[in-house]
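Some notes on the structure that comes next.
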Amino acid sequence: MLGATGAVGQTFLRLLHDHPWFEVAELAASERSAGQAYGAVAKWLDGAMPQRYADRAVLPCDPAVVHAPIVFSALDSSVAGEVEAAFAHAGRLVFSNAKNYRMAPDVPLLIPEVNPDQLGLISRQRRERHWPGAILTNANCAATVAAVALAPIHERFGIRQLVLTTMQAVSGAGYPGVPSLDILGNAIPYIADEEPKIEAELAKLLGRTEGELLKPAGLRASAHANRVAVEHGHTVCASIGCASPTSADAVIAAIDEWAGDRHVAGLPSAGRALVRTDAPNRPQPRRDVYAGAGMTVTVGRIRPDPVFDVKLVALGHNVVRGAAGGSILNAELALAQGLRPHAS
Ligand code: NAP
């Protein structure tokens with residue numbers, strides 16, 4: 001576990017606690033933390049820190065020191081690029097949460113229920129980069145929530161235009177994140193670097209691969225990203241224009257009939273990727289963020305849009321589905337499909 005001390009790293013540890021396939025063997029973080037007990041350097045954010053981690057010595061993020069064949073990375077993007085490449089070069093399978101490799105044409109930007117075909121990019125990555133291992137990424141947390149809700153619509157009607165307005169939780173900024181006096185009782189209409197990521201990643205997430213070639217979705221997206229005083233859960237309000245005129249009822253049918261979950265059937269972290277609510281005032285972070293233990297995106301308020309075709313509201317857990325939980329599901333899918341680290 002690289003970046004084990006951070007907000008996402010801790011969520012990984014919580015979710016991997018009793019995982020049937022994975023056992024957390026090593027905890028690594030920055031040089032500031034390396035050599036110290038995990039319990040002394042990690043500010044545990046949720047309940048009591050499991051004792052099995054508290055006494056472990058934190059390791060540096062160095063593949064010569066960290067030996068696990070499967071590596072989950074919750075590293076800050078300032079270091080993820082170099083460190084994750086070093087682990088892939090050393091033969092490990094790296095499941096990354098950072099932005100560094102997401103848009104590379106040979107790196108999967110994976111949501112198993114939406115685009116499992118992106119695993120096909122790995123052979124190209126290994127060949128062109130001479131990595132015996134591999135890097136697989138998950139998307140920006142707001143882009144993930146949007147992609148899960150939009151996938152059934154894009155598959156059936158072909159989305160061409162999108163306007164997305166987000167209300168993003170403070171946990172999306174990591175720990176300690178946004179100062180309390182900046183966010184309490186407030187909404188901040190700016191999240192650095194967020195809008196271009198959402199716009200670009202959605203086209204890759206909803207794209208298709210043909211063999212080793214990625215074909216991004218032919219859509220234009222415009223994102224407005226806002227930070228709000230919510231602990232967990234990113235809300236995305238979307239106005240959607242499709243290739244041909246589409247009604248709210250047709251979109252509801254597409255969502256109800258969507259079969260993306262078939263790609264993850266039998267995997268330990270699989271549940272329902274998407275549920276729809278008819279309640280006029282849902283989804284809400286307080287009430288819906290833990291749907292499916294944080295792995296389910298809730299979509300509601302599907303209605304006609306006077307400018308585009310339809311509009312809706314989607315909500316998902318940014319640290320579970322949008323980060324650690326999504327990354328674990330990526331690893332389960334990759335292993336189930338036969339991807340393996342390079343034996344040392
Ligand atoms: P965070 O709380 O700030 O944690 C950052 C982690 O990176 C810590 O473990 C830190 O270790 C480690 N780190 C920092 N500098 C390092 C260095 N020079 N060398 C090695 N390790 C270093 O951030 P986070 O919210 O957990 O996010 C982690 C990653 O996931 C980021 O890339 C973020 O963009 C991405 N992400 C976050 C979310 C979310 O909702 N929070 C969602 C999707 C993706 P020390 O404690 O030793 O400094």
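The values are calculated or read from the model by the stated rules, or taken from the named source; none is laboratory data. Quick caveat, the model's predicted, so the values are computed rather than measured. Every residue, glycine as well, gets a Cβ built from its backbone with ideal geometry; the counts of neighbours run over all protein chains shown.
Filter the stretch 34-59 down to the residues that are touching a residue at least 24 places away in the same chain (Cβ under 8 Å), part of a helix (DSSP H, G or I) and more than 9 Å from the ligand (Cβ to nearest atom) and list them by number.
Selection gives TYR38, TYR53.
Residues checked against (1) surrounded by 24 or more Cβ atoms within 10 Å (Cβ to Cβ); (2) over 22 Å from TYR175 (Cα atoms); (3) in the same structural domain as LEU121 (by TED's automatic domain parsing):
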| residue | (1), (2), (3) |
| --- | --- |
| LEU202 | yes, yes, no |
| LEU205 | yes, yes, no |
| ARG208 | no, yes, no |
| PRO216 | no, yes, no |
| LEU219 | no, yes, no |
| ALA225 | yes, no, no |
| GLU231 | no, no, no |
| GLY241 | no, yes, no |
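Between residues in the stretch 65-77 that are crowded, with 24+ Cβ neighbours inside 10 Å and residues that are of a type in the set (Asp, Glu), which pairs lie under 6 Å by C-beta distance while being six or more apart or on different chains?
From residues that are crowded, with 24+ Cβ neighbours inside 10 Å, the pairs are SER73/GLU84.
Is it true that ALA169 is crowded, with 23+ Cβ neighbours inside 10 Å, in contact with a Gly (Cβ under 6 Å, 6 or more places away or on another chain) and farther than 18 Å from ASP117 by Cα?
yes
Restricting to the stretch 6-20, name every residue that is more than 13 Å from the ligand (Cβ to nearest atom) and among the charged types (D, E, K, R).
ASP18 - this is the single residue of the stretch 6-20 that is more than 13 Å from the ligand (Cβ to nearest atom) and among the charged types (D, E, K, R).
Could you please find all residues in the stretch 225-268 being under 19 Å from the mean Cα position of the chain (by Cα) and within 30 Å of ILE191 (Cα to Cα)?
ALA225, ASN226, ARG227, VAL230, GLU231, HIS232, GLY233, HIS234, THR235, VAL236, CYS237, ALA238, listed by residue number.
Taking the options GLU23, GLU31, name whichever one is at pLDDT 95 or above, within 10 Å of the ligand (Cβ to nearest atom) and part of a loop (DSSP other than H, G, I, E, B).
GLU31
Does GLY3 fit the bill of being on the phi > 0 side of the Ramachandran plot, out of contact with any Asp or Glu (no Cβ under 6 Å at 6 or more places or on another chain), at pLDDT 95 or above and more than 10 Å from the ligand (Cβ to nearest atom)?
no
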